[in-house]
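Just below is one structure, and these are the notes that go with it.
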Amino acid sequence: MFEIVKAGGIVMVPLILSSIIAAAIFLERLWTLQRRRVLPAELTDKVWKWVEQRQIQDKHIAALQQNSPLGKILAAGLINRHRDRSIVKESIEDTGRHVVHELERFLNALGTIASISPLMGLLGTVLGMIRTFNSLNAGGAGNPSALAGGIAEALITTAAGLTVAIPALLAYKYLRGRVADLVVAMEKEAIKLVEAIDTDQSAAGNAGR
């Protein structure tokens, strides 16, 4: 393996580093974007119970903010629960944008690796061909090893670039899809919260008459 990397030339160094970074990002995001971590199953039922029984306290909201991405969104709605529906929705949407940004952390870097890896492989191909032609100009036509070195560099870097780019692109698309699914699920829960707050406010208004 080391001989292959060595034959690929200097371009193999950034390609290897890119593959390590891509793998690290994928594993980290795979762990972070687990559904149970983003959308805890018991969290929604707990919040509905607080709203229905009017037991919402500052400590509950603070705990929600530290709980999960969904908790941050629901906490934003609860903080403004006594205000107009439009303000509640606006606060939820604003917090939601920040949460989505956190969920998408490092994905742009992963997409960049998927995009530039083939280009780095192409650069290695060009450098290998330049080395081959330099050998020919230096009278290396009768030296097969000199020609083979340049050709090997060109082929190895091309293969290495694609080997890094293809998994990185697949990982990027998969994680993007997972984020999109989680965002849709959080939007549904946020809408339920707005409706629950509206219902609670209506009930409180009728009781006060």
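You will find that of ILE56, ILE92, ILE116, ILE73, the residue that is assigned to a helix (DSSP H, G or I), in contact (Cβ under 8 Å) with a residue 12 or more places away in the chain and farther than 24 Å from LEU182 by Cα is ILE116 and no other. Residue count for the stretch 38-53, restricted to those that are more than 23 Å from LEU182 (Cβ to Cβ) and of a type in the set (Lys, Arg): 1. Residue selection: ALA41 fails the criterion of being surrounded by fewer than 19 Cβ atoms within 10 Å (Cβ to Cβ) and at pLDDT 95 or above.
The listed residues are ALA185, ALA190, ALA160, ALA171, and the only one of them that is crowded, with 16+ Cβ neighbours inside 10 Å, at pLDDT 85 or above and over 30 Å from LYS6 (Cα atoms) turns out to be ALA190. Counting the residues of the stretch 130-139 that are among the basic types (Lys, Arg) and either modelled with pLDDT of 90 or more or outside any helix (DSSP H, G or I) (or both) gives 0. Per the listing SER135, SER68, the residue uniquely under 21 Å from the mean Cα position of the chain (by Cα) and either of a type in the set (A, V, I, L, M, F, W, C) or surrounded by fewer than 21 Cβ atoms within 10 Å (Cβ to Cβ) (or both) is SER68. Scanning the stretch 33-49 for residues that are assigned to a helix (DSSP H, G or I) and touching a residue at least 40 places away in the same chain (Cβ under 8 Å) turns up ARG35, VAL38, THR44, VAL47, TRP48. Being in a helix (DSSP H, G or I) and modelled with pLDDT of 90 or more: is that true of LEU127 here? No, not satisfied. Has the stretch 15-22 got any residue that is small (Gly, Ala, Ser), modelled with pLDDT of 90 or more and surrounded by fewer than 19 Cβ atoms within 10 Å (Cβ to Cβ)? Within the stretch 15-22, one or more residues are small (Gly, Ala, Ser), modelled with pLDDT of 90 or more and surrounded by fewer than 19 Cβ atoms within 10 Å (Cβ to Cβ). Counting just the residues of the stretch 1-14 that are over 13 Å from VAL164 (Cα atoms) and out of contact with any Asp or Glu (no Cβ under 8 Å at 6 or more places or on another chain), which one comes out modelled with the lowest pLDDT? By that ranking, first place goes to MET1.
The values are calculated or read from the model by the stated rules, or taken from the named source; none is laboratory data. In this text the structure is predicted, and so the values were computed from the model without any measurement. Using ideal geometry, Cβ is built from the backbone for each residue, glycine included, and neighbour counts are taken over all protein chains shown.
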